[in-house]
Every structure is written in structure tokens, then in C-alpha cells.
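Asker: Okay, handing you the structure first.
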Amino acid sequence: MPKPTESQSRSSLTAGEYLEKALAWSKEARNNVKCDLDIPYGTDDRQKMDLYLPENAGSGGVPVLVFLHGGYWVIGHKDTLGFMAPPITAAPAIFVTVGYRLAPGAKYPEQVDDCRNALKWVYENISGYSGDPHRIFLAGHSAGGHLAALISLQRDRLPQFGLPSYVIKGCFPVSGVFDVMDTPADRREAFLSVSEDAYDASPINHTVGNTTPFFLEIGGDDFPNLRNQHVAMLKALESEAGKVEAMERLGHNHFEISLDHGQLGNPWSTKIVDMIGLA
């Protein structure tokens with residue numbers, strides 16, 4: 001991968017434009033895909049999830065892809081993710097979007113724990129939607145990619161939430177944050193209770209002994225710090241036993257790479273369908 005340059009951080013699609021399109025396309029997806037919305041997994045209004053369901057799941061149980069939104073831990077909402085559902089439900093698989101409490105109201109590890117509790121709900125209840133609790137995969141964009149990677153790598157902490165340590169069958173971070181110290185100071189300070197938590201909160205510090213399959217995606221025009229973290233994380237994971245693959249989307253910035261996931265036949269969804277065993 002070429003060394004990132006400052007010019008690659010210039011966005012042709014801005015955050016505001018991305019949000020506008022993601023909300024509109026997600027609303028359209030909810031009108032066209034069978035779904036069960038705003039399912040609570042906790043008492044806070046943010047602790048809810050949406051299920052997007054295939055029309056023909058059959059009786060054997062289909063795979064489940066759980067997706068966590070980004071927003072550098074301080075903004076974001078599950079309602080912006082529904083546009084990704086059609087390529088996944090067509091596989092067929094269940095697509096789950098998870099909301100979680102935001103910083104600075106929720107500090108590390110509260111957001112991570114929210115997502116673990118959401119996973120517990122999925123594991124215990126997804127069979128009622130023709131999903132297979134033994135084929136759960138975890139993904140996320142940006143800060144959501146950070147949360148997905150951290151949960152997948154800290155497998156020893158899952159039993160504390162009533163989950164088997166092996167419950168996540170694969171992790172797919174997109175433009176993920178893997179080193180919390182290499183983030184804007186205001187976002188980092190909002191997320192952490194104390195700066196000493198940065199080490200434990202960084203996925204790159206938990207790769208030793210990993211056996212969970214990973215697929216990392218990054219934009220060729222993504223933010224330079226995230227491109228650098230992508231390279232470092234890929235190298236760290238390749239040193240372990242777990243299968244790891246990566247994809248660089250040339251010409252895509254941080255927001256375009258996410259928005260492309262809603263297109264039928266897009267490279268990311270095609271690869272995900274292959275990795276969850278439906279190709």
C-alpha cells in the first residue's frame with residue numbers, strides 16, 4: 001500500500017453529504033426490506049438495534065452480520081446504516097445495526113460493553129428470526145470498526161456477558177480506529193475516562209494469540225492516520241494464527257467507502273458474503 005499523504009485526506013464526499021445520503025438510503029431500505037426496528041437490549045434510548053431480515057431465510061438458520069456505526073464515539077446512529085442491508089439480506093443473511101451510548105456521557109469501556117450486551121441479545125434471540133447464533137459476524141465503520149475489532153480480540157471478556165468466547169466467527173472493520181492514541185485529542189479525551197485507558201482500548205494491543213478471521217477495508221483517499229493504522233494492524237494480525245485479508249478501495253475517501261456498501265455487487269459485500277459462507 002502506498003504511503004498516505006496529506007492530499008489523500010481531502011474529501012470529495014463530505015461528512016454532511018454522507019449523512020444526508022445514508023439517512024435517505026436507509027429510510028428507503030427500511031421501506032423495501034423486511035425489518036424489526038428499535039429492539040431494546042438495555043434501558044437507555046441509545047441501547048437499541050434494528051434487524052433487517054431476508055425474505056427467504058429457510059429453516060436451517062442463516063448467518064448474522066452485526067454492524068456498529070462510526071462517529072469517533074461522540075456522534076452517530078444506527079439509523080444511518082440500513083442502506084447496507086439489501087446486499088446482505090439478499091445473500092441471504094440477517095443484517096443487524098446496533099446503537100450504543102455516546103461519549104462523553106459514556107466513557108470507555110461503557111460503549112464496548114453496550115455492544116457486548118447487544119451481541120448477547122443477538123446470540124440469545126436471533127434463532128427466533130431464523131438466524132444462526134453459531135454464525136455471528138461483527139463489523140463496523142470508523143469508530144464502529146474500532147469497537148468491532150476490540151470486542152473480537154478481547155475474547156476472554158465475552159463470558160462475563162454470558163457469551164461464549166468463540167461467538168464471533170469473523171470481524172470486518174472498515175476504516176477502523178486501531179490505536180486510540182493516534183486520534184484527535186478532543187475525541188480521545190471524550191471517549192476515555194483517563195488517558196491510561198488508551199492502551200487497553202486500542203485493538204492493536206490485543207492481537208497476540210488471535211485466531212478470529214479478520215477482513216480489513218480502507219479507502220485509498222481515507223484519512224492518513226487511519227491508513228497508517230490499517231497498515232500497522234494488518235501487519236500485527238498477519239503475525240498471528242487467525243486468517244487475515246485486506247482490501248484497499250482506490251479513489252474512495254472515508255465516507256465514500258462506507259456509502260458504497262449499499263450498492264448490490266459492491267466488492268465489500270461480495271467479499272463478506274463469501275467469508276460468511278454463502279458465496
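Derivation of every value follows stated rules applied to the coordinates shown; laboratory data play no part. Just so it is clear, the model here is predicted, and its values are computed rather than measured. Reconstructed Cβ throughout: ideal geometry from the backbone, glycine too, with neighbour counts over all protein chains shown.
Asker: If only one of E55, E20 is touching a residue at least 24 places away in the same chain (Cβ under 8 Å) and among the charged types (D, E, K, R), which one is it?
Answerer: E55
Asker: Still on this structure: Can you tell me which of R187, R227 is surrounded by 17 or more Cβ atoms within 10 Å (Cβ to Cβ), over 18 Å from the mean Cα position of the chain (by Cα) and in contact (Cβ under 8 Å) with a residue 24 or more places away in the chain?
Answerer: Every option except R187 fails the conditions.
Asker: Now, a different point. For the range 190-214, give me each residue that is within 18 Å of the chain's Cα centre (by Cα) and either surrounded by fewer than 20 Cβ atoms within 10 Å (Cβ to Cβ) or of a type in the set (A, V, I, L, M, F, W, C) (or both).
Answerer: If the condition is that a residue be within 18 Å of the chain's Cα centre (by Cα) and either surrounded by fewer than 20 Cβ atoms within 10 Å (Cβ to Cβ) or of a type in the set (A, V, I, L, M, F, W, C) (or both), then F191, A201, I204, P213, F214 are the ones that fit.
Asker: So which strands (runs of 3 or more DSSP E) are wholly in the range 37-124 and hold at least 2 residues that are of a type in the set (S, T, N, Q) and surrounded by fewer than 19 Cβ atoms within 10 Å (Cβ to Cβ)?
Answerer: Because the criterion is at least 2 residues that are of a type in the set (S, T, N, Q) and surrounded by fewer than 19 Cβ atoms within 10 Å (Cβ to Cβ), no strands (runs of 3 or more DSSP E) in the range 37-124 meet it.
Asker: Only one of L138, L158 is in contact with a Ser or Thr (Cβ under 9 Å, 6 or more places away or on another chain), surrounded by 20 or more Cβ atoms within 10 Å (Cβ to Cβ) and under 16 Å from L237 (Cβ atoms). Can you tell me which?
Answerer: Criteria check complete, one pass: L138.
Asker: Which one is farthest from Y166 (Cα to Cα) among residues in the range 243-261 that are surrounded by fewer than 22 Cβ atoms within 10 Å (Cβ to Cβ) and in contact (Cβ under 8 Å) with a residue 40 or more places away in the chain?
Answerer: E256
Asker: Among (1) over 20 Å from G209 (Cβ atoms); (2) in a helix (DSSP H, G or I); (3) touching a residue at least 60 places away in the same chain (Cβ under 8 Å); (4) aliphatic (A, V, I, L, M), where does A148 come up short?
Answerer: In the conditions (1) over 20 Å from G209 (Cβ atoms); (2) in a helix (DSSP H, G or I); (3) touching a residue at least 60 places away in the same chain (Cβ under 8 Å); (4) aliphatic (A, V, I, L, M), A148 misses (1) alone.
Asker: As an exercise: evaluate E240 against (1) buried (at least 18 other Cβ atoms within 10 Å of the Cβ); (2) part of a loop (DSSP other than H, G, I, E, B) and give the number of the one condition it does not meet.
Answerer: The number of the failed condition is (1).
Asker: List the number of the failed condition for F178; all other conditions in (1) of a type in the set (A, V, I, L, M, F, W, C); (2) within 16 Å of I151 (Cβ to Cβ); (3) outside any loop (DSSP other than H, G, I, E, B) hold.
Answerer: Status for F178: all satisfied but (3).
Asker: Something else now. In the list P173, P133, P159, which residue meets the criterion of being over 16 Å from the mean Cα position of the chain (by Cα), of a type outside the set (G, A, S) and outside any helix (DSSP H, G or I)?
Answerer: Going through P173, P133, P159 in turn, just one is over 16 Å from the mean Cα position of the chain (by Cα), of a type outside the set (G, A, S) and outside any helix (DSSP H, G or I): P133.
Asker: Taking the range 141-186 as the region of interest, how many residues are under 20 Å from D274 (Cβ atoms) and among the basic types (K, R)?
Answerer: Result for the range 141-186: 1.
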